[in-house]
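Following: one structure in structure tokens, then a few remarks.
Read-outs: derived from the displayed coordinates by stated rules, not from any lab. All values derive from a computational prediction rather than experimental measurement. Cβ placement follows ideal geometry from the backbone for every residue including glycine, while neighbour counts extend to all protein chains displayed.
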Amino acid sequence: MRIVVLTGAGISAESGIPTFRGAGGLWEGHRIEDVASPEGWNKNPELVLDFYNQRRRGILSAQPNAAHIQLAALDAHHEIQIITQNIDDLHERAGSKNILHLHGEILKARSVKNPNLITPINGDIQIGDVASDGAQLRPHIVWFGEQVPMLEMAIPLVEQAEILVIIGTSMVVYPAAGLLHYASPEIPVYVINPEITEISRRKNIHFIQKNAGEGVTEFIRLVLTK
Ligand code: OAD
């Protein structure tokens, strides 16, 4: 069974990584446009680097939770493709094989001049840290207003899905949210979220109103256990 799993911040919430929305529209006390846009970077790169340095430290000290781990175990019997909006590496550490990061990865940095000059990074990025082309390093993260290059790879994966599972995402950020429309209308879509989200009306949509860990257990019981 070819299963595509689209994940968002909610799947990492039980690992202690805060989600984005809620909390008065602030992200860890910052306006999103100040820390996650090219304008924010041009205005105050120190602030942006510091913000992501803190996110990186938080992610490195977090552990995959039951949702990541159960999904990884499904690789043994199913063709699982994870498409995540998350910048953390918790799907990787849980052991999932096929993971596509739509919005970049916090454990990678790139040249401000060349988006293809990408390097792994475990520690902080400071002003003055440069890529091999001599240009300043920035986090390898898609900011608001930037292209989402991995979308082109994600679309055919969703088109070929036999089941789509959507976990822990508010589905309000485009173009990621638009991926749902590439799924065949005939396939079932399972939405795992403790809040019932406004996901476009379509047939074959099933809500599992639970946290990610319990929700994945329920999905496996309902759909994959004969
Ligand atoms: P959001 O913060 O918008 O949504 C998180 C979703 O997770 C909400 O629908 C919550 O109800 C749900 N949720 C909370 N706790 C949960 C739990 N324990 N189990 C399951 N679900 C839970 O996060 P995203 O949809 O991922 O982009 O946000 C999308 C993008 O917006 C992010 O990738 C990021 C952000 O700006 C970039 O950084 C480019």
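Under a Cβ-Cβ cut-off of 13 Å, what is the net charge of the residues other than residue 124 that fall near it, where Lys and Arg count +1 and Asp and Glu count -1? Kindly include the intermediate steps, with their values, before the conclusion.
Values: positive: 55, 56, 57, 138; negative: 46, 50, 129.
Once positives and negatives cancel, what remains is +1.
Reducing segment 163-226 and segment 2-51 to their Cα centroids gives an inter-centroid distance of 22 Å.
Considering only 118, 80, 208, the Gaussian network model of the chain with Cα springs below 10 Å gives its largest mean-square fluctuation to 118.
Given points 7 Å out from each Cα along the Cα-Cβ axis, report the residue 28 to residue 184 separation in nanometres with one decimal. It works out to 4.1 nm between the two label points.
Residues whose amide H lies under 5 Å from that of residue 98, counting only those 5 or more places away or on a different chain, are 82; hydrogens are built 1.01 Å from N in the peptide plane.
Label sites at residue 50 and residue 146, each approximated as a point 7 angstrom past Cα along Cα to Cβ, lie 2.1 nm apart. Taking one equal scatterer on every alpha-carbon of segment 19-135, how large is log10 of I(q)/I(0) by Debye at q = 0.13, 0.18 1/Å? Here the Debye-derived log intensity ratios amount to -0.61, -1.05. Subtracting the Cα-Cα distance of residue 133 and residue 174 from 0.36 nm times their residue separation leaves 11.6 nm of extension gain.
All other residues whose Cβ lies under 11 angstrom from that of residue 133 are scored, Lys and Arg at +1 and Asp and Glu at -1, for a net of +2. Once backbone amide H atoms are built at 1.01 Å from N, residue 109 has 119, 121, 140 as its partners under 5 Å, excluding neighbours fewer than 5 places away on the same chain. Taking 0.36 nm per residue of sequence separation and removing the Cα-Cα distance, the residue 57/residue 209 pair yields an extension gain of 51.6 nm. Overall, the chain carries a charge dipole of about 320 debye about its Cα centre when +1 sits on the Cβ of Lys and Arg and -1 on the Cβ of Asp and Glu, all other atoms neutral. Here the spin labels are modelled as points 7 Å beyond Cα on the Cα-Cβ line, and at residue 75 and residue 2 they lie 1.9 nm apart. Within the listed set 37, 12, 132, the Gaussian network model of the chain (springs between alpha-carbon atoms below 10 Å) gives the highest mean-square fluctuation for 132. Net charge in the neighbourhood of residue 216 (other residues with Cβ under 14 Å of its Cβ; Lys, Arg +1, Asp, Glu -1) is -2. Only alpha carbons enter this Debye calculation for the chain, each as an equal point scatterer, and the log10 of I(q)/I(0) it gives at q = 0.08 Å⁻¹ is -0.29. For residue 191, nonlocal amide neighbours, meaning residues 5 or more places apart or on other chains whose placed amide H falls under 5 Å from its own, are 166, 206, 207, 208. Could you pull out the GluC sites (Glu not before Pro) across segment 106-215 that fall in loop regions by DSSP (anything but H, G, I, E, B) with no more than 14 other Cβ atoms inside 10 Å? Counting only loop positions with at most 14 other Cβ atoms within 10 Å, the GluC sites (Glu not before Pro) in segment 106-215 are 146, 186, 195, 198.
Here segment 1-98 carries DSSP beta bridges of which approximately 25% are antiparallel, counting only pairs with both residues inside. Comparing 106, 167, 199 in a Gaussian network model of the chain where C-alpha atoms under 10 Å apart are linked, the largest mean-square fluctuation is found at 199.
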